[in-house]
1. Taking the Cα centre of each part, how many Å lie between the range 121-138 and the range 139-159?
2. Under 14 Å from the Cβ of TRP33, count the other residues' Cβ atoms, weight Lys and Arg +1, Asp and Glu -1, and hand me the total.
3. Output the relative contact order of the range 95-176, whole-number percent, from Cα pairs under 8 angstrom with separation of 6+ residues.
4. Helix 237-246 versus the longest principal axis of the chain: what angle, 0 to 90°, nearest 10, using Cα atoms?
5. Hey, what did the chain get for relative contact order, percent, Cα under 8 Å, at least 6 apart?
6. Using the count of nearby Cβ atoms within 10 Å as a rough guide to exposure, how do TYR15, TYR79 rank from fewest to most?
7. Arrange the following residues from fewest to most other Cβ atoms within 10 Å of their Cβ: LEU153, LEU19.
8. Taking neighbour Cβ counts within 10 Å as the exposure measure, how do TRP184, TRP149 sort from fewest upward?
Amino acid sequence: MGCIYQTEENPHFQYVLGLADDALILGQRWGEWLSKGPTLELDIAASNLALDLIGQANLLLEHAAELEGKGHTADDLAYLRDAHDFRNHWLVEQPNDDWGVTTARMLVFSLYQYCRYEALVKSSDAHLADIVAKALKEVSYHRRFAAEWTIRLGQGTEESNQRIQRGFDMLWRFVPELFETVCWEQTLADDGIAVASGTLQDAWEAEVTLILTQANLSVPKGDAHQFGSRHDGHHTEHLGTLLCELQFLQRSYPTASGAVW
């Protein structure tokens with residue numbers, strides 16, 4: 001499909017596409033834990049988290065395809081775009097590494113996603129508002145799951161505390177991008193369609209600080225901030241590797257597979 005998703009073209013479509021890509025890519029990351037979870041219980045939990053997120057992505061991609069108006073389907077947008085056409089945040093594409101890193105990423109993002117969806121329930125885009133309203137129950141569970149595991153690991157053994165702290169330390173440089181309000185997003189927010197990401201930061205910081213404190217963890221410090229994916233499709237090398245697996249079947253057998261969700 002080529003690099004056709006520049007942010008100056010149809011920002012409403014771009015915005016919904018970004019919501020979908022965040023859910024799709026993080027869902028794929030959770031899917032990588034299937035059969036590899038630390039316990040059977042967590043293996044099943046990972047499956048449920050992946051299904052929740054991919055289900056959200058499907059609904060959002062369907063809406064994005066309608067907004068684009070070029071005859072593409074949700075499957076086209078999921079399987080036939082190259083990495084530079086994805087609009088997810090860098091945080092969600094980072095590798096799982098270990099359970100500490102995965103938990104830290106889920107806490108950071110699920111708290112953010114909940115704040116964002118809660119605001120988007122009031123969107124003037126009625127279809128988008130309906131999708132996120134249905135997803136809020138799932139995201140509420142996601143943030144509770146991540147918070148409980150953050151506290152459990154933080155208050156556990158010396159090793160578990162070090163591993164979860166390492167996860168936050170590794171991923172914290174991707175946090176500022178979550179709250180960057182790009183110009184076209186502000187325009188959509190002014191029109192009542194979107195929410196300006198910067199307005200979510202105070203509520204997010206208050207909640208994440210409370211949880212980290214309860215878990216005997218430190219809020220990471222650092223000036224190395226990472227930006228780029230929502231502006232121009234610039235991603236880390238990890239997204240390309242992830243897409244090779246996600247898109248393999250559809251791209252290898254484009255006419256024969258007919259794969260759909």
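1. 27 Å
2. -4
3. Relative contact order here is 44 percent.
4. The helix 237-246 is inclined about 70 degrees to the chain.
5. 24 percent
6. Fewest to most other Cβ atoms nearby, the residues stand as TYR79, TYR15.
7. Ascending Cβ contact count within 10 Å gives the list LEU153, LEU19.
8. TRP184, TRP149
Values quoted throughout were computed directly from the atomic coordinates according to the rules given, and no laboratory measurement underlies them. Here the structure is a predicted model, which is why all the values come from computation and not from measurement. Here Cβ is always computed from backbone atoms with ideal geometry, including for glycine, and neighbour counts include all displayed protein chains.
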